[in-house]
Amino acid sequence: MHDSLFQPLDLGSISTKNRIYMAPLTRGRSTQPGSIPNDMMVEYYRQRAGSGLIISEATGISVEGLGWPAAPGIWSEEQTEGWKPVTKAVHEAGGAIVLQLWHMGRLVHPDFLGGEPGVSASATTAPDHAHTREGRKPHQQARALETDEVARVVDDYRKAAANAKAAGFDGVQLHGANGYLVDQFLRDSTNLREDRYGGSPENRARFLREVLEALIGEWGADRVGVRLSPNGETQGCDDSNPAATFGAAARVCEDLKLAFLELREPGPDGTFGATDVPKQSPMIREIYSGPLILNSDYTAEEAEADVASGKCDAVSFGRPYISNPDLAERIRAGAEWAPNKDAPKSWYLPGPEGYIDYPTMEQQSGQPGAMPAAAG
């Protein structure tokens, strides 16, 4: 059952034992102040090492780029040291893990920056509210990065990638999706620039290219990937011609021979970010020849079908991995799909509840329908 999902796959030089990957999931459990990974996070990732590849939660590359309470960072020595036990635990459990590098751009509230505005491709304001340490607050207008500032931000990505290597990760993934900084440069609703980073799809993809080139300089292309969200609006970030925009982005990925490309593609019935904008993966598949990972609202059966047909090479699962640390093992055993239901109220709590207390299939044996306290 699900034979295609249990074939090994090489993402460049990263070997994965199956094609059931763990998508990046912000959980807000790092130690504050300092955004430092801790023992609780070590256990969380160790529990999920049965996935073919763990893509870590989004991790801030700099103070300027991180605007989520208790999310981890990778810009300081303390943060780098904090990640080392995480990667060690995953490797000892037989897993592989890459670090997702994150700059939130205009979604960083001034409260995180001593009152200074966040930065973005252009002086725009995200809709809705930011999560701050004092609660939800309306987003504020970002300031546009000056042309000669862009190199500084690119270098922040490079330094973070170097720290990720020192921390023992198997590679890095650039977060280029979901309305964050790279996405703000890519899409024409948020990129109003008139310099070499604005205008045509190729110019708007220039920032993506320069960041990826910096990461490749530290890791080699065979250990660098990127996540994109090519269809539909996300956090106020949208595009008038997604085929042109993400065709240009896909050509960057192909030119640089990236190890992998992950696409978050919700459909009209998506749990989060439902959209009628057509999925761009068929077009991107024609341009980018490397391993393609698809994500968003998959069942095991749908994942098996898409991998078996060649539509993609692997599928990343997000929310099911919150409540089912042994998700791959459950799929292999043909267990009821995602029998542990996650409790959204616990997604960002500071403690272990709803984080490391979900039972495995083995722990539930003899207890049909058993549920962890966190899901009650």
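So, with +1 on the Cβ of K and R and -1 on the Cβ of D and E, and no other charges, what is the size of the charge dipole of the chain about its Cα centre, to the nearest 20 debye? Working shown, then result.
Details: 36 positive and 52 negative charges, 50 e Å.
Its charge dipole is roughly 240 debye.
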Taking the dipole of the chain about the Cα centre (Lys, Arg +1; Asp, Glu -1; charges at Cβ), the one of ALA177, GLY267, GLY318 that reaches farthest to the positive side is GLY318
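For the pair LYS311 and LYS257, what calculated FRET efficiency results from E = 1/(1 + (r/R0)^6), where r is the Cβ-Cβ distance and R0 = 25 Å, to the nearest 0.05? Could you put the intermediate results ahead of the total?
Working: r = 21 Å, r/R0 = 0.86.
Taking R0 as 25 Å, the efficiency between LYS257 and LYS311 is 0.70.
Compute, for the stretch 28-79, the length of the dipole vector about the Cα centre, with Cβ point charges of +1 (Lys, Arg) and -1 (Asp, Glu) only. Units Debye, rounded to 20.
Around 240 debye, computed over the stretch 28-79.
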Leaving out same-chain residues fewer than 8 places away, which aspartates and glutamates sit with a Cα under 19 Å from that of LYS311? ASP3, ASP10, GLU254, GLU262, GLU265, GLU286, ASP297, GLU301, GLU302
I'd like the orientation of helix 206-219 relative to the chain: the angle between its Cα long axis and the longest Cα principal axis, in ° from 0 to 90, rounded to 10. 50 degrees
For the stretch 52-124, which chymotrypsin sites (Phe, Trp or Tyr not before Pro) are in a loop by DSSP, counting at most 15 other Cβ atoms within 10 Å? none
Can you give me the C-alpha center-to-center distance between the stretch 176-205 and the stretch 30-97, rounded to a whole angstrom? 29 Å
So, with points 7 Å from each Cα along the Cβ direction, the LYS84-SER289 label distance in nm works out to 4.1 nm
With a 10 Å radius around each residue's Cβ, average the other Cβ atoms per peptide and rank 216-222, 342-348, 103-109, 246-252, highest first. 103-109, 246-252, 216-222, 342-348
Any aspartates and glutamates whose Cα falls less than 13 Å from that of LYS257, other than same-chain ones fewer than 8 residues away, would be GLU213, ASP222
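None of the figures in this text is laboratory data; all of them are computed from the coordinates on show. If you're wondering where the values come from, they're calculated on a predicted model, not measured in any experiment. As a convention, Cβ positions derive from the backbone with ideal geometry for all residues, glycine included, and neighbour counts pool all protein chains shown.
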